[in-house]
Amino acid sequence: MRGAPGPWAAAAATAALFLLGDFFAAGDTATEEALAFDIINFNFETVRVTWNVSEHAGTNLTFRYRFRGGNYSQCPSYILQHGLAVGCVLKAKGDLVMDFCLWNGTHLVLSDSVWISAYLKPESPRDLEFHWHGEAVTVSCPDLPYRSLRYKVQHKSIFDEEWQSKEEDTCNVTIEALDADRCYSFRARVTAKESSYGPDTYPSDWSEVAHWQRGEPRDSCRKTPFSSKFIIVYGLVAALILFLLPLSLWKLQRVKKLLVPSVPDPKFTFPGLFESHHGNFQEWIKDTQNITVLNKVEDKEPESLLEEPLVVQPPTAKAETPAATMTGLSCPQTEEKEATGDPSPLPCLPAPGKERVSLGGFTFVVGDNAYVMV
């Protein structure tokens, strides 16, 4: 099933290993450059070595290894791909140096020696515990049994787009400034410090995501109704907007009246002027105020008309009271009529070029260019 070479090749390889001894520990630079490989040390428990077989297509390579101080052994479990061995999985024996080599039959393809700790991939944190105290939570878990590790805890709410991280040297990480009413998701992983293990290590896989809300575990975090703080804050903002909006509109109206004073609409000042009389002011005032339209006088100059006085004739009084007549230059009274004492004198006729206007029981004698203001 593994496609390993026959017994004769295994025997020859074993003899070559014992003859060369530490030669395999020093490695062969030429063969190492010819074949690329990857190593992952899973928590000092198992080691996986994989190699590229593109240059040895159709050939099963034999993998042999040893930890310093031991004897070489053949790979206990090959990784197969399309029927060809592309890797080996073996048990680790602590933080030791591993010597390994690859054979193609009796031809040595690769040999090298490595510290397996340089390819460490820690185990994922287990048994996470969450201790809530107010608006903070402490995430703890059992520490791994080796040194120089960093424990990273990430959290995210339904309103966050990215995870937020915090790291400690021990699996006892406290996260503050949380909203207890929100639902949060948590996850953790372990990384090895580069100062102690080098740049070729791997971070652990993320732990299973845990969901918590109000200090209690949840199956998942869904977009629930807004928290109490969220409602209070946005309620205050909405109230402030509702208060400032009418105030700003009132200020705007005051500024508008100050800069652009309003012009009265003649439709409301003179009802019926435009609806019934199509803007003809003389017809409108004749119809609404019962005022006689004045005829123009062509033969008088405007200056002479302005100099002539206005004669007002009041309404006729009661029978026992003599009629009072206001006279002017345009309507003189003779002394003979005053002497006879005629109680009903004839009305005074206006002078030529004058018109008589009656309004509210009063009679006005006006010129052609005069007007009456009501």
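Evaluate the following for residue 70: is it on the phi > 0 side of the Ramachandran plot and either touching a strand residue (DSSP E or B) at 6+ places or on another chain (Cβ under 6 Å) or part of a loop (DSSP other than H, G, I, E, B) (or both)? The answer is no for residue 70.
Identify the residue in segment 40-63 that is in contact with an Asp or Glu (Cβ under 7 Å, 6 or more places away or on another chain) and part of a loop (DSSP other than H, G, I, E, B) and, among all such residues, is surrounded by the most Cβ atoms within 10 Å (Cβ to Cβ). For segment 40-63, the residue satisfying everything is 44. From the list 148, 157, 207, the lone residue that is touching a residue at least 24 places away in the same chain (Cβ under 8 Å) and surrounded by 19 or more Cβ atoms within 10 Å (Cβ to Cβ) is 207. When segment 13-38 is filtered for residues that are crowded, with 18+ Cβ neighbours inside 10 Å and modelled with pLDDT of 70 or more, only 35 remains.
Every listed requirement among (1) surrounded by 14 or more Cβ atoms within 10 Å (Cβ to Cβ); (2) free of Cβ contacts under 8 Å to residues at least 60 places away in the same chain is met by residue 196 save one, (1). Entry remark, segment 104-140: residues being over 30 Å from residue 72 (Cα atoms), in contact (Cβ under 8 Å) with a residue 60 or more places away in the chain and in a loop (DSSP other than H, G, I, E, B) number 4 in total. Out of the residues in segment 73-89 that are free of Cβ contacts under 8 Å to residues at least 40 places away in the same chain and not in a loop (DSSP other than H, G, I, E, B), state the one that is farthest from residue 115 (Cα to Cα). Looking at the filtered set, the residue picked out is 81. Tell me which residues, restricted to segment 90-107, are over 12 Å from residue 119 (Cβ atoms) and of a type in the set (Asp, Glu). Selection gives 99 alone. Taking the numbered list (1) closer than 28 Å to residue 44 by Cα; (2) without any contact (Cβ under 8 Å) to a residue 40 or more places away in the chain; (3) open to solvent by less than 30 Å² (accessible area, probe 1.4 Å) in turn, residue 169 passes all entries but (3).
The values are calculated or read from the model by the stated rules, or taken from the named source; none is laboratory data. Given the structure is predicted, the values throughout are model-derived calculations rather than measurements. Glycine also receives a Cβ, built like all others from the backbone with ideal geometry; neighbour counts cover every protein chain displayed. Side chains are part of the model used for accessible areas, which takes the heavy atoms of the whole protein and leaves out ligands, DNA and RNA. Shrake-Rupley method; radii C 1.70, N 1.55, O 1.52, S 1.80 Å.
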